[in-house]
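This report refers to the structure that appears directly beneath it.
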Amino acid sequence: MSFEKNRQIHALIRRIEIVAEDIVCVELSPANGGRFPPFSAGSHVDVFIDERTIRQYSISNDPSDCSYYRLAIQKEPQSRGGSKAIHESFRAGDIIRIGEPRNHFCLAEDDVKVVLVAGGIGVTPILSMAYRLTAKGTDFAFHLCVRSRERAAFVDEISTSPFAARFELHLDDGGPQQRFNPDNAFADLTQTSAVYVCGPRGFMEFVTGAARRSGIRPERIHTESFVSAAVDGEEEFEVVTARTGKVLLVRHNKSIAETLEEAGICPILSCEQGICGTCLTKVISGEVDHRDTFQTNAEKIGNSMIAICCSRARSKQLVLDI
Ligand code: FES
């Protein structure tokens with residue numbers, strides 16, 4: 001998988017509002033009128049927050065309508081400037097820069113029956129998928145799991161949508177009867193059914209584990225996580241920059257990218273969370289401890305590229321093509 005820097009688009013914030021606790025919804029239209037590039041369900045765009053900060057957010061609206069993109073951004077308690085800046089400084093009427101839509105969480109064309117499962121803000125790509133599956137006439141169910149009703153975005157819209165009857169809301173603070181039960185959700189699925197899950201990492205592990213146990217084929221279990229990868233580790237290791245011959249010690253509380261920056265080498269970064277693939281760097285030797293969610297399992301096993309914003313080393317030394 002290779003990353004290509006995509007074209008930037010100027011977008012007008014035509015509407016911005018809080019739609020749930022700590023979640024702001026941002027509707028964008030092309031700054032020069034017309035329509036945005038088409039997008040497929042599950043797509044995300046880069047949002048350029050300032051010269052140094054780029055974040056990725058899923059498009060949540062119906063993919064048949066590219067006159068606008070709708071994003072929903074949860075204010076993260078540990079925000080390093082991304083979500084916090086959007087919540088605090090973005091205003092209706094502002095012109096911002098975004099990238100063209102990209103999709104690492106695509107719906108397969110041949111799914112016969114689908115279960116969509118969203119945890120919290122993971123509803124954003126899943127909602128777009130619900131619109132697309134409805135348009136295709138695919139049989140599906142849509143589960144949204146949240147801590148409380150106040151934290152559930154887009155429920156009013158879903159409740160009046162063409163797929164309202166397929167939707168179930170599960171609240172952590174509600175009674176046991178309405179909690180998400182994967183055994184029930186996956187009871188009617190066959191090997192060729194598909195499950196799409198988006199949410200926090202632990203939630204996704206819970207759901208995908210249940211999907212595997214119910215007999216769904218692994219290649220039909222699709223996930224996307226918004227949670228940043230942990231960059232720290234127990235072990236320190238060396239990075240050798242093959243192009244300049246520097247040998248750098250990556251301390252346990254630093255990422256490779258931070259270590260390079262401290263040594264005067266500035267890698268191109270974007271999400272800094274292992275999500276976007278911008279920082280992927282060729283591995284010449286050494287074994288990678290992959291922490292990103294961008295590469296596939298097969299690519300990680302191939303050990304040819306490393307996301308230097310978050311991944312670490314299993315070997316004492318990594319030689320990178322930098
Ligand atoms: S900067 Fe996005 S994966 Fe590293």
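Structural descriptor for the chain: relative contact order 14 percent, calculated from alpha carbon pairs under 8 angstrom and at least 6 residues apart.
Across all directions, the average projected area of the convex hull around the alpha carbons of region 238-322 is 4.7 nm².
Take the Cα of residue 265, step 7 Å toward its Cβ, do the same at residue 298, and the gap between the two points is 3.0 nm.
Where a ≥ b ≥ c are the square roots of the eigenvalues of the C-alpha gyration tensor, would you call region 132-280 rounded, which needs a/c under 1.5, or, failing that, prolate if a/b is larger than b/c, or oblate? Cα axes put region 132-280 in the prolate bin. If you filter region 76-176 for trypsin sites (Lys or Arg not before Pro), then keep DSSP loop positions with at most 11 other Cβ within 10 Å, what is left? Those that pass, being in a loop and sparsely packed, are 91. The packing ranking of peptides 243-253, 190-200, highest mean first, is 190-200, 243-253, where packing means the average number of other beta carbon atoms within 10 angstrom of each residue. With each label modelled as a point 7 angstrom along the Cα→C-beta vector, the residue 90-residue 135 pair spans 2.2 nm. For region 8-99, a simple Cβ point-charge model (Lys and Arg +1, Asp and Glu -1, everything else neutral) yields a dipole of about 180 debye relative to the Cα centre. The slack between residue 219 and residue 51, meaning 0.36 nm per residue of separation minus the straight C-alpha distance, is 56.7 nm.
Region 299-319 and region 141-218 have Cα centres lying 33 Å from one another.
Listed values for region 271-282 are Karplus-derived 3J(HN,Hα) couplings in whole Hz (6.51 cos²θ - 1.76 cosθ + 1.60, θ = phi - 60°), namely 6, 6, 9, x, 9, 8, x, 4, 8, 4, 10, 5, and x replaces Gly and Pro. Considering only 302, 152, 133, the residue lying farthest towards the positive end of the dipole of the chain is 302, judged by Cα position with unit charges set on Cβ. Computed from the C-beta positions of residue 157 and residue 97 and an R0 of 25 Å, the FRET efficiency is 0.40 to the nearest 0.05. Give the shape of region 243-290 as rounded, prolate or oblate, defined through the alpha-carbon gyration tensor: a ≥ b ≥ c are the square roots of its eigenvalues, a/c under 1.5 means rounded, and otherwise the shape is prolate if a/b is larger than b/c and oblate if not. Rounded. At the listed q of 0.07, 0.10 Å⁻¹, the Debye profile of the chain, built from one uniform point per Cα, gives log10 I(q)/I(0) equal to -0.30, -0.61. In the structure shown, do any of 282/316; 136/300; 254/300 have a Cα-Cα gap over 24 Å, and if so which? Over 24 Å apart, Cα to Cα: 136/300. Loop-located GluC sites (Glu not before Pro) across region 12-102 with a Cβ neighbour count of 10 or fewer within 10 Å are 51, with loop assigned by DSSP.
Values in this text are rule-based calculations from the coordinates and carry no lab data. A quick note: this is a predicted structure, and the numbers were derived from the prediction, not measured. Cβ: placed from backbone, ideal geometry, glycine included. Neighbour counts: every protein chain shown.
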